[in-house]
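Report on one structure; see the data block that follows.
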Amino acid sequence: AIDEFDPKYSAGGSELLYSTYLGGSGDEAGEDIAVDIIGSAYLTGQTNSSDFPTANPLQLSLAQRETDAFVTRVTPSGAKLTHSTYFGGSNADTGLGIALDAERDVYIIGQTASADLTLASSLQAAAGGDSDAFIAKFSNPDIEGDFDGDTDVDFDDLGFITSALNQPSSPSADPRDL
């Protein structure tokens, strides 16, 4: 099994503050990391582990035998996962980039081959090709066990998902139009 490895160094880079593996019995790849103002690390990538470590997950398990994207939040000390979830459909899905806005909402971009990726407030209601790009927004996860603040963990916690790619004949195919 190949796991993701997440080191944190001091501001000057001379001291290792924490270092940990993140993964299950299968293979993982970390693709991107973002850090919020309090020092929590947010990671995205891909996993094919049915036992990938989750905490307050939006999606409880690996969708199928393929890879799913993951979104994980690690405390500033690196000692605990406050949120960690699979995100994907029945085929291969990978989180490739992650960012935070001023309210610490979490955005991931990635690639999906799943026609059944969970969508909410979607710009494009169906996959456009064999492999599509996606963007997902998750609300600020400050409330323990909940992404949207209503004290339950459900698919309302997903801010929005958009799938868009492989439509060269579409007048809105230019990404600047999205």
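The values are calculated or read from the model by the stated rules, or taken from the named source; none is laboratory data. Remember, predicted model here, so these are calculated numbers, not experimental data. Note that we place each Cβ from the backbone using ideal geometry, even for glycine, and neighbour counts take in every protein chain shown. Heavy atoms of the whole protein, side chains included, go into the accessibility calculation; ligands, DNA and RNA do not. Shrake-Rupley method; radii C 1.70, N 1.55, O 1.52, S 1.80 Å.
Going through the range 1-32 one residue at a time, which ones are under 18 Å from residue 87 (Cβ atoms), open to solvent by less than 60 Å² (accessible area, probe 1.4 Å) and modelled with pLDDT of 70 or more? Walk me through how you get there before you give the answer.
Quick first cut of the range 1-32, residues under 18 Å from residue 87 (Cβ atoms) only: 4, 22-24, 26-32.
Among the residues that remain, those that are also open to solvent by less than 60 Å² (accessible area, probe 1.4 Å) are: 4, 22-24, 26, 28-30, 32.
Once the filter is applied, which keeps residues that are under 18 Å from residue 87 (Cβ atoms), open to solvent by less than 60 Å² (accessible area, probe 1.4 Å) and modelled with pLDDT of 70 or more, the range 1-32 yields 22, 23, 24, 26, 28, 29, 30, 32.
Go through the range 30-47 and count every residue that is within 20 Å of residue 136 (Cα to Cα) and either part of a loop (DSSP other than H, G, I, E, B) or aliphatic (A, V, I, L, M) (or both). Break it down stepwise before answering.
Let us first name the residues in the range 30-47 that are within 20 Å of residue 136 (Cα to Cα), namely 30-36, 40-47.
Those still in the list that are either part of a loop (DSSP other than H, G, I, E, B) or aliphatic (A, V, I, L, M) (or both) too: 33-36, 40-41, 43.
Residues meeting the conditions: 7.
So the check is Cβ under 7 Å with 6+ separation or different chains; which pairs have a first residue in the range 122-134 that's in contact (Cβ under 8 Å) with a residue 12 or more places away in the chain and a second one that's open to solvent by 30 Å² or more (accessible area, probe 1.4 Å) and among the polar types (S, T, N, Q)?
The qualifying pairs are 128/166; 128/167; 129/166; 131/111; 132/166; 133/111.
Got a number for residues in the range 86-103 being among the hydrophobic types (A, V, I, L, M, F, W, C) and assigned to a loop (DSSP other than H, G, I, E, B)?
Keep residues of the range 86-103 that are among the hydrophobic types (A, V, I, L, M, F, W, C), which gives 87, 92, 96, 98-100, 102.
With the extra rule that they be assigned to a loop (DSSP other than H, G, I, E, B), the set shrinks to 92, 102.
So the count comes out to 2.
Search the range 104-115 for residues being of a type in the set (Ser, Thr, Tyr) and outside any loop (DSSP other than H, G, I, E, B), and hand back the single one that is least open to solvent (accessible area, probe 1.4 Å).
Within the range 104-115, the subset of a type in the set (Ser, Thr, Tyr) is 107, 112, 114.
Of the ones still in play, those that are also outside any loop (DSSP other than H, G, I, E, B) are 107, 112.
Numbers: 107: 59, 112: 5 Å².
Top of the filtered list is 112.
Say we look at the range 78-109 and pick out the residues that are within 12 Å of the chain's Cα centre (by Cα) and among the polar types (S, T, N, Q); which of these is nearest to residue 18 (Cα to Cα)?
84
Give the range 55-103 a look and list any residue that's of a type in the set (S, T, N, Q) and surrounded by fewer than 19 Cβ atoms within 10 Å (Cβ to Cβ), or say none.
Taking the range 55-103 first, the residues of a type in the set (S, T, N, Q) are 56, 59, 61, 64, 67, 72, 75, 77, 82, 84-85, 90-91, 94.
Hits for the range 55-103 are 56, 61, 64, 75, 77, 82, 90.
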